[in-house]
Amino acid sequence: MAKNTNTSAFDRDFGYLMPFLDRVTEAASQLADASARAELSRLMVEEKARWQRIQELLGGAGGRGAAIPAAAPESTPEAPRLARASADDLHQEAPFATGLTVGSLKGSR
């Protein structure tokens with residue numbers, strides 16, 4: 001089976017990215033704070049899985065559709081949040097810390 005050109009265009013990048021993610025995972029295991037160590041380890045597992053899936057998709061794997069993971073039940077507030085946050089959450093918690101701008105990014109004449 002011939003290698004998809006989309007994948008081969010990124011082989012070098014994935015060759016750097018995956019070992020980098022492994023190094024960050026290793027660094028996470030060295031953190032003194034147990035909760036930070038657990039959170040960063042979980043985030044890195046999720047991130048590596050995302051990038052592996054991206055690599056598969058670029059390689060020609062079929063999509064899984066637009067399935068959205070089910071939300072954690074309301075009865076378990078201690079369940080960890082996903083690494084992703086919506087823009088609404090960011091603006092509610094830190095409206096000015098996001099670095100977002102309003103208006104055109106093109107210079108006016």
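Within the range 29-42, restricting attention to residues that are touching a residue at least 12 places away in the same chain (Cβ under 8 Å) and out of contact with any helix residue (DSSP H, G or I) (no Cβ under 8 Å at 6 or more places or on another chain), which residue is farthest from Pro19 (Cα to Cα)? Restricting to residues being touching a residue at least 12 places away in the same chain (Cβ under 8 Å) and out of contact with any helix residue (DSSP H, G or I) (no Cβ under 8 Å at 6 or more places or on another chain), the top hit is Glu39. Would a scan of the range 64-78 turn up a residue that is modelled with pLDDT under 85, among the polar types (S, T, N, Q) and open to solvent by 90 Å² or more (accessible area, probe 1.4 Å)? Scanning the range 64-78, I find at least one residue that is modelled with pLDDT under 85, among the polar types (S, T, N, Q) and open to solvent by 90 Å² or more (accessible area, probe 1.4 Å), so the answer is yes.
Let's see how each residue does on (1) touching a strand residue (DSSP E or B) at 6+ places or on another chain (Cβ under 7 Å); (2) at pLDDT 95 or above; (3) farther than 28 Å from Gly60 by Cα:
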residue	(1), (2), (3)
Asn4	no, no, no
Ser8	no, no, no
Ala36	no, yes, yes
Leu43	no, yes, no
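The values are calculated or read from the model by the stated rules, or taken from the named source; none is laboratory data. Treat the numbers as computed from the prediction; the structure is a model and nothing was measured. So basically every Cβ, Gly included, is an ideal-geometry build from the backbone, and we count neighbours across all protein chains shown. Surface accessibility is based on the protein's heavy atoms, side chains included, excluding ligands, DNA and RNA. Shrake-Rupley method; radii C 1.70, N 1.55, O 1.52, S 1.80 Å.
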